[in-house]
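To keep things clear, I will list the structure first and then write my remarks on it.
The values are calculated or read from the model by the stated rules, or taken from the named source; none is laboratory data. The shown structure was predicted, so the numbers you read here are calculated from the model rather than taken from an experiment. No Cβ is skipped: glycine too gets one built from the backbone with ideal geometry, and neighbour counts run over all protein chains shown. These area figures cover heavy atoms from the full protein model, side chains too; ligands, DNA and RNA do not enter into them. Shrake-Rupley method; radii C 1.70, N 1.55, O 1.52, S 1.80 Å.
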Amino acid sequence: MGIRFILMVNKQGQTRLAQYYEYLTIEQRRALEGEIVRKCLARNEQQCSFVEHRNYKIVYRRYASLFFLVGVDNEENELAILEFIHLLVETMDRHFGNVCELDIMFHLEKAHFMLEEMVMNGCIVETSKSNILGPIQLMDKAS
Amino acid sequence: MPSTPSLMDTLFQRSLEDLIKGLRLHNPGPPTSNFIEKNIQEIKKEIKSTDLNTKSIALQKLTYLHSIYSINMSNWASFHAIELTSSPFFGHKKIGYLAVTMSFCDTNEVLLLMVNQLRKDLGSPCEFEVSLALETIGIVINQELAVNLIDHVFVLISSSKSFVRKKAIVTLLRVFEVYPDGIKVCFKRLVENLENGDGGCLSASVGVFCELAMRDVKLCLPLAPEFYKVLVECRNNWVLIKVLKVFGKLAELEPRLGKKLVEPVCEHLRSNGAKSVVFECVRTIVSCLSEFEYALKLAVEKIREFLVDDDPNLKYLGLQGLSIVSRKCLWAVVENKDAVIKSLSDADVNIKSEALRLVMAMVSEDNVTEICKVLISYAIKSDPEFCNEILAAILLNCGSNVYELIIDFDWYVSLLGEMARIQHCQKGEEIENQLIDIGMRVKDVRPELVRVGRDLLIDPALLGNPFIHRILSAAAWLCGEYVQFSKNPFEVMEALLQPRTNLLPASIRAVYIHSALKVLSFCLHSYLLPNETDSYWVDSDSGEAYLPSESEILGTSNPSAVKVDQIYEQRDLSLEERRSSIENGLNTNVAHEQSSSSVPLKQDLFTEQSIKNLLALVETALQPLSGSHEVEIQERVCNVLGLIEMMQGELPNSVVQGGENIEMGESKASDIIRVVHDAFSEDLGPISSSSQERVPLPDGLLLEENLDNLDKICGEIELPMSTSFSLGRPASDEHDTGSLFNNHDKDESELSKESTSLLTEHRKRHGLYYLSSDKKEVVSDYYPPANEPKTQSNDNDVTEDLVKLTEQSFLPKKKPNQVKARPKVVKLDEGDGGIPSVIKKTESTDNAISGAVPIPLSQEVIPSDKLSSNVKGKEKLHIGQSFESNEHTANVDNSELDTSRSKRSKKHKERKHRSSGKTAEERDKNGVEDKQKSGHHHTRHKARHRADADLKVVAQTPVIPDFLL
């Protein structure tokens, strides 16, 4: 299962979005998030975007005040995940128009919906922005 | 009605947006949690509403709080979530399903209530409803659900809508996980999607097969042609990466695939612009296509591009790629050595660690020196954490497999010394272990070890760093144990006693003081018995020519030209001599010494004045410590002071009174010193951790047997202590013992009347601890508990007792017919002492055998172990070997040695020397000195006793001078 979880964390370390593709209890999630945030947020721009943690490889990227952290299997291609993060940000950018932390906070369910279109069960299923956003736009129109 | 919300509640319900805004207004910490708590109460009320709108908003808020603030909702909101999924409105349904996917796990009890709803939604004409159901199934699936729903999902794989199809395909992956039988049913349809699916479906099915391949490669092997088609035709990089991964797995299973694969993979490598695909191609080539040279070269070229890139991500991946290559072909790493070593100073610790791992992979016998030099220079520059990572890597690699990589041990030892001086060094424990381990295993390097140890000891600055105290402990031990290699023992002594040693923890200070005792005994020995000293060292070092410093000091002719065989002969002879001398009492020795003391001292170092100064130095430095609260320190200090006291009783006579008394005085002093010195000159060596198992079980010994009758043996002795030593021995055994020992008792006791008188005095004071039965020969009769005073003159006696002790405890039922019982003990002890020492040598020389755990034989090695019964036990076993086993083992030993020699490879020449030289002679030494060593442990009691008197004398000593150099 390529992708294990996707986190969005602001630079204060507050979780803004958390999507897990394997079941962890709330306590486990909280502990994991704390460890990862501590590890990744301390790193600077000159350091690489890959961190090994427990049995995960964490690929992360910072966009403005928001960190996108993706936990993957050791087999996974790190650069592909970086591209995936970028694709995710671009998609959100297209939908929200210059996406920022607040957009994700106030439209969390939309962010989840986009993720669901892109990733299912840890597999990347859709990489076309218009395909990802199609259903959301339909629903926006309907409501 | 109180629980159902009123119309007012519904009208003025807080929306999700209100909640988020409210959360933002509150400060983090208690205010926020109070606010959340308030909202949860509201939500609990609202969620019970019959109005689906109110309910959905409540659930939406709850889901938000759950995912961001980790509020547990599965225990009370599950049912409401399921209720919402059956709403006719898509908006409600979506909120319900989102809550389910966010909070449910596959063991949730209410899941069964969902089966019907899921089935209904899977069959829905609205593709978004289908997609919601599929996503939920992917997350909450369990076996029961799988059995119930697989048919419905299966139908969807061939749906006309690509949107549904791709999701159904991915959902199947999870279904297979809990319900593997499903694979058979769906396999064909999945393959169809692989062959002619559009973008999304292809991506999904490749993803599914990639996951399946990770679990079971064989399943995917028949699909190789289909994958190949994708590999050649597909332009989607995501899919390409997955296909490459699949082929990586397949090629491991079916090597013939490699030939077919290598071309398209190289093509992608050359032409694809995406770094992710390039890296995946590189990874595929280096991990399973490395036999194709041109492909490998291409891959290594790409790796180099990554390595020199400024992007830290690419650099990191390049290093990772290299470390995969390094498992098969090291040349690729060596080719990129510069880039790798440069990465050691990268800003990113991940990159540094990766580079370090690669550098260590490059290490071989030929380059270990240069690599370590480079690494140390980086260690000095880097931050404490990485510095220690480097040091740990060096220590681990160099120490692996019994120092397999090290040829030049002198260099390695000085490297260890250098490490101690690195500012951030925190690897004290490991360095300590290696220093001592090398000291015991590698005989040739001891002079260098002593030099390194001395350099560390005399540097007062090092004492201030608690991280390297362990190293100093090792240095002190080495300088004491191998003091004969020291160029200037006086200097070592000063270093050991310098005032700043009060910064050391007690256990390490005890090592310092004990080493001081060894140095002292060596100096006195060299001064009093120069000739004997010579013969000892030549003897014990098997006449090798590596002792120039020592021969300089001692001014001896070193028979380095003597061939090894001759040395063996010599040793056998000296062995014989020594035994006879022992058996005939010490008369010959005395005579010998008397003649030897008349020989003028050749060396300049050990003059009367220098010895006197030394004694004064030690006394002033240690006197204040004799009242230390640390028992380890106090005991050892008393040992040293006691020895000095004794020597001062003897030495000044020869000096002051001159003439008549010289011979008598010196001979007494010499005897004492010889005994002390002999105790220290036994060689310590590593012993295999399994050596105990190789001890043959003697006849009649029942290890499992209940030791009830131990009470009977002990019952005869009234000893308050219950240590293993308090076993004592029945007085009746006294005359049954072999004549061997009794002779010595007499000789010894005659020789040391002084000690005896002291003993009697002590006995008066601590009568409680002595045996009640009073024999004519007081000395040989009493048996002290472990911590009781004992004069060194009794050591033969102790040995004797110990031998008996072993006999008794090993043969509890036998009648104390010692003459008959002894051979068995001999056998046992021979196995115990003899075989392990042989094993030890084969192990340290033949590197194929690993796992030789050095177990120090004497207490001095690890002071903290000192009082453990373990050590005592070992001592016991060892002693048994003392006289009897010598001859028996000599032959076995040589033959074993030969086999081990033939196994050895050329490169380990040094070790060869050591093992060939050591064996028989060591046995010889073990024989005599072991015994005396055991005796030595008891000398301190007397020493302490005497120290009481010393206090008055030394009260008037001047202020302690600063011994800093």
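For the range B:482-496, give me each residue that is in a helix (DSSP H, G or I), under 21 Å from B:Lys612 (Cβ atoms) and open to solvent by 10 Å² or more (accessible area, probe 1.4 Å). Full working, then the answer.
From the range B:482-496, those in a helix (DSSP H, G or I) are B:483-485, B:489-496; that's our starting set.
The next check asks that each one be under 21 Å from B:Lys612 (Cβ atoms); those that pass are B:483, B:489-496.
Scanning the range B:482-496 gives B:Phe490, B:Glu491, B:Glu494.
Considering only the range B:428-481, state which residues are under 22 Å from B:Ile376 (Cα atoms) and not in a helix (DSSP H, G or I).
B:Asp459, B:Asn465
Checking A:Ala42 against (1) facing chain B (nearest Cβ under 7 Å); (2) open to solvent by 20 Å² or more (accessible area, probe 1.4 Å); (3) of a type outside the set (Phe, Trp, Tyr), only one condition comes out false. Which one?
(1)
Would you call A:Thr15 exposed (fewer than 15 other Cβ atoms within 10 Å of the Cβ) and of a type in the set (Val, Ile, Thr)?
On the way: exposed (fewer than 15 other Cβ atoms within 10 Å of the Cβ): no; of a type in the set (Val, Ile, Thr): yes.
No; evaluated as a whole, the condition is false for this residue.
Being under 23 Å from A:Ser49 (Cα atoms) and among the hydroxyl-bearing types (Ser, Thr, Tyr) is the requirement here; does B:Tyr316 meet it? I'd like the intermediate steps shown before the answer.
Numbers: under 23 Å from A:Ser49 (Cα atoms): yes; among the hydroxyl-bearing types (Ser, Thr, Tyr): yes.
When the stated conditions are applied, B:Tyr316 passes them.
Which ones in the range B:124-138 are within 10 Å of chain A (Cβ to nearest Cβ) and either surrounded by fewer than 22 Cβ atoms within 10 Å (Cβ to Cβ) or under 12 Å from B:Val164 (Cβ atoms) (or both)?
B:Glu127, B:Phe128, B:Ser131, B:Leu132, B:Leu134, B:Glu135, listed by residue number.
Given the condition open to solvent by 20 Å² or more (accessible area, probe 1.4 Å), within 12 Å of another protein chain (Cβ to nearest Cβ), of a type in the set (A, V, I, L, M) and more than 23 Å from B:Ile141 (Cβ to Cβ), answer yes or no: does some residue in the range B:70-80 qualify? Break it down stepwise before answering.
So in the range B:70-80, the residues open to solvent by 20 Å² or more (accessible area, probe 1.4 Å) come out as B:70-72, B:74-76, B:79-80.
From what is left, the residues that are within 12 Å of another protein chain (Cβ to nearest Cβ) are B:70-72, B:74-75.
Pick out the ones that are also of a type in the set (A, V, I, L, M) and you get B:71.
This time we only want the ones that are more than 23 Å from B:Ile141 (Cβ to Cβ), so: B:71.
Yes, the range B:70-80 has at least one match.
Quick check on my filter: what residues within the range A:45-57 are facing chain B (nearest Cβ under 9 Å) and part of a strand (DSSP E or B)?
Result: A:Phe50, A:Val51, A:Glu52.
Filter the range B:406-427 for residues that are assigned to a loop (DSSP other than H, G, I, E, B) and within 15 Å of B:Glu370 (Cα to Cα); which is least open to solvent (accessible area, probe 1.4 Å)? Can you show your working first?
Taking the range B:406-427 and keeping what is assigned to a loop (DSSP other than H, G, I, E, B), we get B:406-408, B:421-427.
Filter once more, keeping what is within 15 Å of B:Glu370 (Cα to Cα): B:406-408.
Details: B:Ile406: 2, B:Ile407: 72, B:Asp408: 79 Å².
Within the range B:406-427, the match that is least open to solvent (accessible area, probe 1.4 Å) is B:Ile406.
Please go through the range B:457-481 and pick out each residue that is farther than 15 Å from B:Arg509 by Cα and buried (at least 21 other Cβ atoms within 10 Å of the Cβ).
If the condition is that a residue be farther than 15 Å from B:Arg509 by Cα and buried (at least 21 other Cβ atoms within 10 Å of the Cβ), then B:Glu481 is the only one that fits.
Filter the range B:317-364 down to the residues that are of a type in the set (Ser, Thr, Tyr), part of a helix (DSSP H, G or I) and over 26 Å from B:Phe292 (Cβ atoms) and list them by number.
So in the range B:317-364, the residues of a type in the set (Ser, Thr, Tyr) come out as B:323, B:326, B:343, B:345, B:353, B:364.
With part of a helix (DSSP H, G or I) added as a condition, the list becomes B:323, B:326, B:343, B:353.
Within the range B:317-364, B:Ser343, B:Ser353 qualify.
Has the range B:244-260 got at least one residue that is under 22 Å from B:Gly200 (Cβ atoms), assigned to a helix (DSSP H, G or I), more than 46 Å from the chain's Cα centre (by Cα) and of a type outside the set (Ser, Thr, Tyr)?
Scanning the range B:244-260 turns up no residue that is under 22 Å from B:Gly200 (Cβ atoms), assigned to a helix (DSSP H, G or I), more than 46 Å from the chain's Cα centre (by Cα) and of a type outside the set (Ser, Thr, Tyr).
What number of residues in the range B:287-302 are away from chain A (no Cβ under 14 Å), crowded, with 17+ Cβ neighbours inside 10 Å and either more than 38 Å from the chain's Cα centre (by Cα) or among the aliphatic types (A, V, I, L, M) (or both)?
Keep residues of the range B:287-302 that are away from chain A (no Cβ under 14 Å), which gives B:289-301.
Retained after the next criterion (residues that are crowded, with 17+ Cβ neighbours inside 10 Å): B:289-290, B:292, B:295-296, B:298-300.
Now restrict to residues that are either more than 38 Å from the chain's Cα centre (by Cα) or among the aliphatic types (A, V, I, L, M) (or both): B:289, B:292, B:295-296, B:298-300.
Final tally of qualifying residues: 7.
Restricting attention to the range B:105-123, and to residues there that are in contact with a Ser or Thr (Cβ under 8 Å, 6 or more places away or on another chain) and in a loop (DSSP other than H, G, I, E, B), which single residue is nearest to the other protein chains (Cβ to nearest Cβ)?
Once the filter is applied, the top-ranked residue is B:Cys105.
Give me the residue from the range B:270-279 that is within 14 Å of chain A (Cβ to nearest Cβ) and part of a helix (DSSP H, G or I) and, out of that set, surrounded by the most Cβ atoms within 10 Å (Cβ to Cβ). Give the derivation first.
Filtering the range B:270-279 for residues within 14 Å of chain A (Cβ to nearest Cβ) gives B:272-279.
The next check asks that each one be part of a helix (DSSP H, G or I); those that pass are B:275-279.
Details: B:Lys275: 21, B:Ser276: 21, B:Val277: 21, B:Val278: 22, B:Phe279: 27.
That would be B:Phe279.
Do we have B:Val282 as touching a helix residue (DSSP H, G or I) at 6+ places or on another chain (Cβ under 7 Å), within 12 Å of chain A (Cβ to nearest Cβ) and over 22 Å from B:Asn196 (Cα atoms) here?
Details: touching a helix residue (DSSP H, G or I) at 6+ places or on another chain (Cβ under 7 Å): yes; within 12 Å of chain A (Cβ to nearest Cβ): yes; over 22 Å from B:Asn196 (Cα atoms): yes.
Here the answer is yes, as B:Val282 does meet what is asked.
Sort out which residues of the range B:303-342 are closer than 14 Å to B:Arg357 by Cα and either within 14 Å of chain A (Cβ to nearest Cβ) or in contact with a strand residue (DSSP E or B) (Cβ under 9 Å, 6 or more places away or on another chain) (or both), and write them in order of number.
Correct list: B:Tyr316, B:Leu317, B:Gly318, B:Leu319, B:Gln320, B:Gly321, B:Ser323, B:Ile324.
Filter the range A:89-143 down to the residues that are in contact (Cβ under 8 Å) with a residue 40 or more places away in the chain, open to solvent by less than 20 Å² (accessible area, probe 1.4 Å) and either part of a helix (DSSP H, G or I) or within 7 Å of chain B (Cβ to nearest Cβ) (or both) and list them by number.
Answer for the range A:89-143, where residues must be in contact (Cβ under 8 Å) with a residue 40 or more places away in the chain, open to solvent by less than 20 Å² (accessible area, probe 1.4 Å) and either part of a helix (DSSP H, G or I) or within 7 Å of chain B (Cβ to nearest Cβ) (or both): A:Thr91, A:Ile104, A:Met105, A:Leu108, A:Ala111, A:His112, A:Leu115, A:Asn121, A:Cys123, A:Ile132, A:Leu133, A:Ile136.
Please count how many residues of the range A:25-39 are at the interface with chain B (Cβ under 9 Å from one of its Cβ atoms), surrounded by fewer than 18 Cβ atoms within 10 Å (Cβ to Cβ) and not polar (S, T, N, Q). Lay out the reasoning, then the answer.
Restricting attention to the range A:25-39, the residues satisfying the condition of being at the interface with chain B (Cβ under 9 Å from one of its Cβ atoms) are A:25-27, A:29-30, A:33.
Remaining after also requiring surrounded by fewer than 18 Cβ atoms within 10 Å (Cβ to Cβ): A:25-27, A:30.
Filter once more, keeping what is not polar (S, T, N, Q): A:26-27, A:30.
Counting residues in the range A:25-39 that are at the interface with chain B (Cβ under 9 Å from one of its Cβ atoms), surrounded by fewer than 18 Cβ atoms within 10 Å (Cβ to Cβ) and not polar (S, T, N, Q) gives 3.
What about B:Leu98, is it aliphatic (A, V, I, L, M), in a helix (DSSP H, G or I) and more than 9 Å from chain A (Cβ to nearest Cβ)?
Values: aliphatic (A, V, I, L, M): yes; in a helix (DSSP H, G or I): yes; more than 9 Å from chain A (Cβ to nearest Cβ): no.
So B:Leu98 fails the test.
Could you list all residues from the range B:158-193 that are away from every other protein chain (no Cβ under 14 Å), part of a helix (DSSP H, G or I) and either open to solvent by less than 10 Å² (accessible area, probe 1.4 Å) or over 14 Å from B:Leu219 (Cα atoms) (or both)?
Here is the first cut: in the range B:158-193, the ones away from every other protein chain (no Cβ under 14 Å) are B:158-160, B:179-189, B:191-192.
Restricting the remaining residues to those that are part of a helix (DSSP H, G or I) gives B:182-189, B:191-192.
Scanning the range B:158-193 gives B:Gly182, B:Cys186, B:Arg189, B:Glu192.
How many residues does the range B:303-323 hold that are over 35 Å from the mean Cα position of the chain (by Cα) and of a type in the set (S, T, N, Q)?
Total satisfying the criteria: 0.
Among the residues in the range A:58-78, are any within 9 Å of another protein chain (Cβ to nearest Cβ), crowded, with 22+ Cβ neighbours inside 10 Å and touching a Pro at 6+ places or on another chain (Cβ under 6 Å)?
Taking every residue of the range A:58-78 in turn, none turns out to be within 9 Å of another protein chain (Cβ to nearest Cβ), crowded, with 22+ Cβ neighbours inside 10 Å and touching a Pro at 6+ places or on another chain (Cβ under 6 Å).
I'd like to verify a number: residues in the range B:139-157 that are over 14 Å from B:Val100 (Cβ atoms) and open to solvent by less than 10 Å² (accessible area, probe 1.4 Å), how many? Before you say what the answer is, go through the steps one by one.
Within the range B:139-157, the subset over 14 Å from B:Val100 (Cβ atoms) is B:143-144, B:146-157.
Then keep just the ones that are open to solvent by less than 10 Å² (accessible area, probe 1.4 Å); that gives B:146, B:149, B:153, B:157.
Within the range B:139-157, residues that are over 14 Å from B:Val100 (Cβ atoms) and open to solvent by less than 10 Å² (accessible area, probe 1.4 Å) number 4.
Filtering the range B:209-268 down to residues that are aliphatic (A, V, I, L, M) and facing chain A (nearest Cβ under 10 Å), which residue is most open to solvent (accessible area, probe 1.4 Å)?
Step one: filter the range B:209-268 for residues aliphatic (A, V, I, L, M), giving B:212-214, B:217, B:219, B:221, B:223-224, B:230-232, B:239-241, B:243-244, B:246, B:250-251, B:253, B:257, B:261-262, B:265.
Add one more test, that the residue is facing chain A (nearest Cβ under 10 Å), and what stays is B:214, B:239-241, B:244.
On the way: B:Met214: 57, B:Val239: 3, B:Leu240: 2, B:Ile241: 7, B:Leu244: 2 Å².
Residue satisfying both the conditions and the ranking: B:Met214.
Need the failing condition index for A:Phe50 against (1) open to solvent by 50 Å² or more (accessible area, probe 1.4 Å); (2) touching a residue at least 24 places away in the same chain (Cβ under 8 Å); (3) farther than 24 Å from B:Ala204 by Cα, just the number.
Just one mismatch for A:Phe50, condition (1).
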